[in-house]
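Here the structure is laid out as C-alpha cells; the discussion comes afterwards.
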C-alpha cells in the first residue's frame, strides 16, 4: 500500500492535526508515504518511482476532494499507463455549493458514473464499492 498525503497548503500544514491521517487508518510499517502539493498525486512527487519499485500496474484510489485531488489522480494515473480502479464509496469532497458547484453527493455520483466508462488502449478503468475491492 502507498499512502499519498497532501501537504503544504494553507489548510493542510504538515504536522498539524488537520493534516494527520485519521486514527482509523494507520499505515503499516514499511508502507510507502508520498507527500504531494498538487491535485495530481504524480505531479512533483516520487509516486511513479515508488510504484515502479513495487511493480505496481493497477491503482486503487480512495480519498478526499473528489472534484480536485481524486479526479486529478485517477486521470494522472490513467494517462501514465496504469489501470485505475476508483472505490466508489470511499471518496468525498467538501461542500462547494456556495461557489456554484453541485452538492457533494452529486459530485461523487458524477465522478463514479463517468469513470466507469473510461477507456484507452491497454488500460482499464473501473468503479467498485469498498466491499468488492480485490487486491491481487
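Do you know which residues across the range 87-97 are loosely packed, with under 14 Cβ neighbours inside 10 Å and touching a helix residue (DSSP H, G or I) at 6+ places or on another chain (Cβ under 7 Å)?
Passing the criteria: only 95.
Can you tell me which residue within the range 98-125, out of those that are within 16 Å of residue 74 (Cα to Cα) and in contact with a helix residue (DSSP H, G or I) (Cβ under 8 Å, 6 or more places away or on another chain), is surrounded by the fewest Cβ atoms within 10 Å (Cβ to Cβ)?
Among those residues, the one meeting the criterion is 120.
Is there any pair linking a residue in the range 43-59 that is at positive phi and at pLDDT 95 or above to one that is surrounded by 13 or more Cβ atoms within 10 Å (Cβ to Cβ) and outside any strand (DSSP E or B), with Cβ under 9 Å and at least six apart or on different chains, and which?
44/38
Within the range 42-66, count every residue that is more than 10 Å from the chain's Cα centre (by Cα) and surrounded by fewer than 20 Cβ atoms within 10 Å (Cβ to Cβ).
Number of matching residues: 14.
Name the residues in the range 67-83 that are under 9 Å from the mean Cα position of the chain (by Cα) and surrounded by 20 or more Cβ atoms within 10 Å (Cβ to Cβ), would you? I'd like the intermediate steps shown before the answer.
If we filter the range 67-83 for residues that are under 9 Å from the mean Cα position of the chain (by Cα), which is where we start, we get 69-74.
69, 70, 71, 73, 74 - these are the residues of the range 67-83 that are under 9 Å from the mean Cα position of the chain (by Cα) and surrounded by 20 or more Cβ atoms within 10 Å (Cβ to Cβ).
The values are calculated or read from the model by the stated rules, or taken from the named source; none is laboratory data. In this text the structure is predicted, and so the values were computed from the model without any measurement. Note that we place each Cβ from the backbone using ideal geometry, even for glycine, and neighbour counts take in every protein chain shown.
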